[in-house]
Structure formats: structure tokens, C-alpha cells
Amino acid sequence: MRTVAITGAGSGIGAATADRLSRDGHRVIGVDLRGAEIEADLGTPDGRRSAIDAVAEASGGALDGLITCAGISGFPGRPSSLLASVNYFGTVVLLEGLRPLLAKGDRPSAVAISSNSTTTAPGYSLELTEACLAGDEAEARRVADEVAGESMIEYAATKLAVARWVRATAVTPEWGGTGIRLNAIAPGMIATPMIDEGNSDENLAKQLEMFKQTIALGRAGDPAEIAGLLAFLVGTESTFFCGSIIFCDGGTDALLRADDWPARWEIG
Ligand SMILES: NC(=O)c1ccc[n+]([C@@H]2O[C@H](COP(=O)([O-])OP(=O)(O)OC[C@H]3O[C@@H](n4cnc5c(N)ncnc54)[C@H](O)[C@@H]3O)[C@@H](O)[C@H]2O)c1
């Protein structure tokens with residue numbers, strides 16, 4: 001039995017993963033705004049602190065796995081600053097804060113949730129990505145609201161920041177160097193309440209329908225399909241993964257960017 005904390009465990013991918021891991025006999029510690037063992041707002045520093053403390057207490061001080069699913073997409077009226085706070089800081093602060101618990105776990109593994117929008121949403125601003133990675137939340141929120149406003153596409157900028165943070169951090173002495181695996185997945189369109197919310201807005205629904213046309217398998221993914229991947233990645237058969245961004249998107253990235261990956265390395 002492994003002990004695994006999951007943020008965003010109350011809905012969608014997080015709920016499906018909590019269900020899968022519980023059925024597999026593991027101890028799951030769920031964190032969410034509501035409807036989870038630990039209720040906390042990961043969009044605020046205080047909420048993150050209380051979530052970290054509560055996970056430490058519930059786990060008895062050691063975690064074998066951590067999956068950071070909590071996230072929000074762009075929606076009319078929702079400022080981009082909130083996306084920066086929840087999607088980026090709500091992910092990396094939890095990963096950093098719970099790393100000492102992972103260090104005491106068995107073959108520990110952490111998985112963040114990026115998105116295939118990072119490679120398939122055209123034209124989002126890298127300024128927000130850079131501002132998140134610089135680590136100053138107040139400044140990142142300012143940039144988010146200034147450069148992005150309420151643009152839906154800036155969701156991708158926060159998810160690129162997550163992916164880049166994971167790659168840079170996974171290989172450091174504190175993570176890979178002590179045997180703690182850190183990776184991210186990049187799902188494509190998955191049928192969850194997040195997509196239902198998008199479909200409730202006329203313009204977003206049109207964009208989502210266009211995006212659906214890019215899925216080679218011809219359908220959105222099921223949360224259980226992502227839960228299976230996450231169960232593998234926090235389990236004990238994925239022990240050589242470090243710093244990977246694993247796309248699971250029904251073929252969208254391959255369809256739109258066939259020749260862009262793997263990218264050949266030029267030196268000098
Ligand atoms: N559904 C998709 O198509 C898709 C695609 C790529 C990536 N993702 C990512 O997968 C993750 C899960 O998304 P989902 O589709 O299951 O969405 P969802 O809306 O069903 O679940 C997200 C969960 O995060 C929680 N959450 C949001 N803000 C929070 C906060 N401030 N504090 C604590 N919890 C908070 C919500 O309450 C909810 O339970 C997200 O990070 C999302 O960006 C989703």
C-alpha cells in the first residue's frame with residue numbers, strides 16, 4: 001500500500017485518480033476547495049500552507065506519491081491572475097512544500113499536470129510563463145492581468161511554466177539526486193467538469209469543438225484513462241522516469257506538430 005496525496009481530488013481527473021488508487025488498495029489523501037479530506041484554497045499562500053500542514057499530519061510525515069491536479073481554465077470574467085495563482089503557484093508551492101515528506105517515502109514519485117495546450121494553442125504570451133518561473137507571485141499576477149487580461153489562451157502559458165519548472169527541478173540534487181521522481185503529464189481534451197464549464201460559454205464551446213477536430217482518435221479522453229497513466233507514474237514500475245513531460249492526448253500533438261519532436265540538438 002502506498003500513501004498518495006492528490007490535489008484537485010474532488011472532481012474530474014483528480015477524482016478519477018483518487019478512485020483508481022483507492023480501488024488498487026492505496027491510501028489517498030485528497031485536497032480540494034471542498035468535498036475532499038483536506039479543504040484548502042491553493043490559489044492563496046495561506047491555503048497552500050494549511051494544505052501542506054494538513055497533508056503532513058494526515059500522512060504521518062511520509063508520502064510515497066503526490067499528484068497535483070488542482071487547476072482552472074480560462075473563462076469569461078475569470079482574471080488570468082487567478083490562473084497563475086492556482087495553476088502555477090498552487091502546483092509548485094505544494095510540490096516544494098511536500099518534498100520533505102516524499103523524501104521519507106518509498107520509491108517516491110510526484111506528478112504535476114501540464115497540458116497539451118502548451119504545444120498546440122497558438123500564440124500565447126511567453127511573458128506570463130517567464131513571470132511565473134521567476135517565482136514572484138505578486139509580479140506574476142500583475143503580468144497575468146496586464147498581458148493576458150481575460151484571454152482564454154493564457155491558460156497555456158501557466159501550463160508551460162509548470163512543464164518547464166518540472167524539467168528544471170526534476171534533475172536537481174534535491175529531487176532526482178535523492179531518488180525522488182518528478183514528472184508531468186500533458187493531457188489533451190478530457191471529458192471533465194472543466195470542459196463542461198467551457199461548453200457553457202458560446203465562444204469557448206466553438207473553440208473546444210474546433211480543438212476536438214484535432215483529436216486523431218476522434219473523441220475526448222475519459223478521466224479514467226488519465227487516472228491509469230497517473231497510477232502508473234506514482235507506482236513502483238515507473239522508477240526510471242525523471243523530468244519527463246508525458247503527452248496523453250488522443251494524437252492532437254502528433255497531428256498538429258508531427259515533425260517538431262523529437263527536436264535535434266545543435267551545439268555551437
Ligand atoms: N480536462 C481537460 O481537458 C484537461 C486537459 C489538460 C489538462 N487538464 C488539467 O488537469 C487538471 C484537472 O482538471 P479537470 O479537467 O479534472 O478539471 P476539474 O474542474 O474537473 O477539476 C479541477 C479540480 O481542481 C479544484 N480546484 C480549482 N481551484 C482550486 C483551488 N484554488 N484550490 C484547490 N482546489 C482547486 C477544483 O475544485 C476541482 O475539483 C487541471 O490542472 C487541468 O488544468 C485538464
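Every read-out reported here was derived from the displayed coordinates using simple, explicitly stated rules and does not represent laboratory data. This structure is a prediction, so every number in the text was calculated from the model and none was measured. When we count neighbours, we look across all protein chains shown, and the Cβ atoms used for this are built from the backbone with ideal geometry, even at glycine.
Per this entry, Ser109 is not counted among residues that are in contact with a Gly (Cβ under 9 Å, 6 or more places away or on another chain), within 16 Å of the ligand (Cβ to nearest atom), in contact (Cβ under 8 Å) with a residue 40 or more places away in the chain and small (Gly, Ala, Ser). From the list Ala168, Ala156, Ala216, the one residue that fits, being of a type in the set (A, V, I, L, M), within 15 Å of the chain's Cα centre (by Cα) and over 25 Å from Ala18 (Cβ atoms), is Ala156.
Of Asp41, Asp53, which residue is in a helix (DSSP H, G or I), surrounded by fewer than 24 Cβ atoms within 10 Å (Cβ to Cβ) and either β-branched (Val, Ile, Thr) or free of Cβ contacts under 8 Å to residues at least 12 places away in the same chain (or both)? Of Asp41, Asp53, the one residue that is in a helix (DSSP H, G or I), surrounded by fewer than 24 Cβ atoms within 10 Å (Cβ to Cβ) and either β-branched (Val, Ile, Thr) or free of Cβ contacts under 8 Å to residues at least 12 places away in the same chain (or both) is Asp53.
Taken as a whole, the structure places Gly90 among residues that are assigned to a helix (DSSP H, G or I), in contact (Cβ under 8 Å) with a residue 24 or more places away in the chain, of a type outside the set (A, V, I, L, M, F, W, C) and within 14 Å of the ligand (Cβ to nearest atom). One residue stands out among those in region 155-205 that are touching a Ser or Thr at 6+ places or on another chain (Cβ under 9 Å) and among the charged types (D, E, K, R): the one that is nearest to Pro108 (Cα to Cα), which is Arg181.
Here region 154-187 is the region considered, the condition is being small (Gly, Ala, Ser) and within 12 Å of the ligand (Cβ to nearest atom), and the residue that is nearest to Ser81 (Cα to Cα) is Ala156.
Can you pull out every residue in region 188-218 that is more than 12 Å from the ligand (Cβ to nearest atom) and part of a loop (DSSP other than H, G, I, E, B)? Those that are more than 12 Å from the ligand (Cβ to nearest atom) and part of a loop (DSSP other than H, G, I, E, B): Ser200, Asp201, Gln213, Thr214, Ala216, Leu217, Gly218. Regarding Ser22, is this residue touching a residue at least 40 places away in the same chain (Cβ under 8 Å), polar (S, T, N, Q), out of contact with any Leu (no Cβ under 9 Å at 6 or more places or on another chain) and over 18 Å from Gly135 (Cα atoms)? The answer is no for Ser22. In region 229-244, what count of residues is obtained for those that are more than 12 Å from Ala110 (Cα to Cα) and surrounded by 15 or more Cβ atoms within 10 Å (Cβ to Cβ)? Qualifying residue count, region 229-244: 1.
Do we find that Ser151 is closer than 24 Å to Ser85 by Cβ, without any contact (Cβ under 8 Å) to a residue 40 or more places away in the chain, polar (S, T, N, Q) and more than 11 Å from the ligand (Cβ to nearest atom) in this structure? Spell out the reasoning first.
Details: closer than 24 Å to Ser85 by Cβ: yes; without any contact (Cβ under 8 Å) to a residue 40 or more places away in the chain: no; polar (S, T, N, Q): yes; more than 11 Å from the ligand (Cβ to nearest atom): yes.
So Ser151 does not fit the description; no.
Based on what the data block shows, is Gly30 in a strand (DSSP E or B), within 12 Å of the ligand (Cβ to nearest atom) and either surrounded by fewer than 23 Cβ atoms within 10 Å (Cβ to Cβ) or not hydrophobic (A, V, I, L, M, F, W, C) (or both)? Spelling it out, Gly30 is indeed in a strand (DSSP E or B), within 12 Å of the ligand (Cβ to nearest atom) and either surrounded by fewer than 23 Cβ atoms within 10 Å (Cβ to Cβ) or not hydrophobic (A, V, I, L, M, F, W, C) (or both).
Yes/no matrix, rows are residues, columns are (1) away from the ligand (no atom under 16 Å from the Cβ); (2) within 30 Å of Arg2 (Cα to Cα); (3) under 19 Å from the mean Cα position of the chain (by Cα); (4) assigned to a helix (DSSP H, G or I):
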position: Glu57; (1), (2), (3), (4): yes, yes, no, yes
position: Ala62; (1), (2), (3), (4): yes, yes, no, no
position: Gly71; (1), (2), (3), (4): no, yes, yes, no
position: Gly74; (1), (2), (3), (4): no, no, yes, no
position: Val86; (1), (2), (3), (4): no, yes, yes, yes
position: Leu95; (1), (2), (3), (4): no, yes, yes, yes
position: Ser115; (1), (2), (3), (4): no, yes, yes, no
position: Gly123; (1), (2), (3), (4): yes, no, no, no
position: Glu130; (1), (2), (3), (4): yes, no, yes, yes
